Amino acid sequence: MGVTSSQLCSLLTKFTALNGLNTYYFDPKTNAFRGSWKLKIYCAIHHALCVLALAHMSYSTLSNMRVSVTVLTIGGTMACCVKSCWEKAQGIRKLARGLVNMEQKYFAGRPSGLLLKFRYYMKITFCSITLLRIHLIQPIYMRRLLPSQFYLNMGAYWLLYNMLLAAALGFYFLLWEMCRIQKLINDQMTLILARSGQRNRLTKMQHCLRLYSKLLLLCDQFNGQLGHVAIWVLACKSWFQITYGYEIYQMVAAPKSIDLSTSMRVFVIFSYILDAMNLFVGTDISELFSTFRADSRRILRETSRLDRLLSMFALKLALHPQRVVLLNVFTFDRKLTLTLLAKSTLYTICWLQSDYNKLKA
């Protein structure tokens, strides 16, 4: 089942709406996005609770730098999500509606291919594991960090983290769908150009190029609408890498200085690896996006009948970013993931060196 099937699209929009990201949902019966005044009231209450949760956790964790920075990064993600939820332009809704309309009108039922299908199921698996980890095991781990008002702090943490998780999931699947449409257009263009003698070749090629032009506009909307949220999510994930990495190095360098049971030590190592893999998977789909964009340029360049229409579109394609660019500054790719992991490891080692004498004592 493809990610853009009506039932799954409806489930995803309801999950993001449940976590306060949007005031609409996809109705599979009418194949349209529908708003609701009840959903607007729910989101307003949800956002008010998130603000209260953020204020409470910020005040109660002032003396704990580790948790306070975590709250700060999650709070930045929350602020971006609230802003996009209530903006008049509703850019993310237009982006999602454009992708869904293209999928249902032109590509419904067509296979995605092994690469995309594998990344889709891998992301679903990681998201499910993260939900279980945060709601079942994380409270045991957080009890030693937030002993006072534990249940209130844990409820606030769940409220904020679920919004971050929903934002990351929505970002990934919008990017996944753009990759799928781009791949299917490439396949269709390859088939048209390979059969030079077929009837209505020019009409079919014009249709493909019109679809690709729509996709380029949607890609520009994606880069503009989701850049701030993606930056805050990356900052939060990087801080998780630093804090979990600090405890792992602490287990190795000064094992008696950390009061963690064996099961919790396994949990810390597992969380560190899972967050690193989540970062890698997120940028891996972006690498696939760049690969499909390069395939489009190759198809237009290598055809033996490169007429004026294809030449004009090849020029138009060259003027658009070949990769996912956040805020017109950061290129969202595998190199960014490796840089974040390297910088996080370096900061963790420096932090541990500054605390080493205290930990040994």
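Annotation: amide H of V325 within the under-5 Å range of F332, sequence separation 5 or more or interchain, hydrogens built in the peptide plane. When the alpha carbon gyration tensor of the chain is reduced to an equivalent ellipsoid, the three semi-axes, largest first, read 42, 24, 16 Å. Which of the trypsin sites (Lys or Arg not before Pro) found in the stretch 121-168 are loop residues per DSSP with 16 or fewer other Cβ atoms within 10 Å of their Cβ? Of the trypsin sites (Lys or Arg not before Pro), the ones in loops of the stretch 121-168 whose Cβ has at most 16 other Cβ atoms within 10 Å are R143, R144. Compute the acute angle (0 to 90°) between the alpha-carbon long axis of helix 114-132 and the principal axis of greatest extent of the alpha-carbon atoms of the chain; round to the nearest 10°. It works out to around 30 degrees. Projecting each Cα onto the charge dipole of the chain (Lys/Arg +1, Asp/Glu -1 at the beta carbon, about the Cα centre), which of W37, N153, I140 comes out farthest on the positive side? The residue sitting farthest along the positive end of the dipole is W37.
Stretched out fully, how many nm does the piece from T125 to A342 gain, at 0.36 nm a residue minus the Cα gap? List each step's numbers first, then the result.
Working: separation 217, 0.36 × 217 = 78.12 nm, distance 2.56 nm.
Gain on stretching T125 to A342: 75.6 nm.
Helix 37-60 and the longest principal axis of the C-alpha atoms of the chain enclose an angle of approximately 40°.
For the chain, the longest principal axis of the C-alpha atoms and the axis of helix 6-18 are separated by about 40°. Here the stretch 205-324 yields Rg over Rh of 1.25, to two decimals, using C-alpha coordinates and the Kirkwood radius.
No value in this document is a laboratory result; all are computed from the given coordinates. This is a predicted model, so every value here is computed, not measured. Here Cβ is always computed from backbone atoms with ideal geometry, including for glycine, and neighbour counts include all displayed protein chains.
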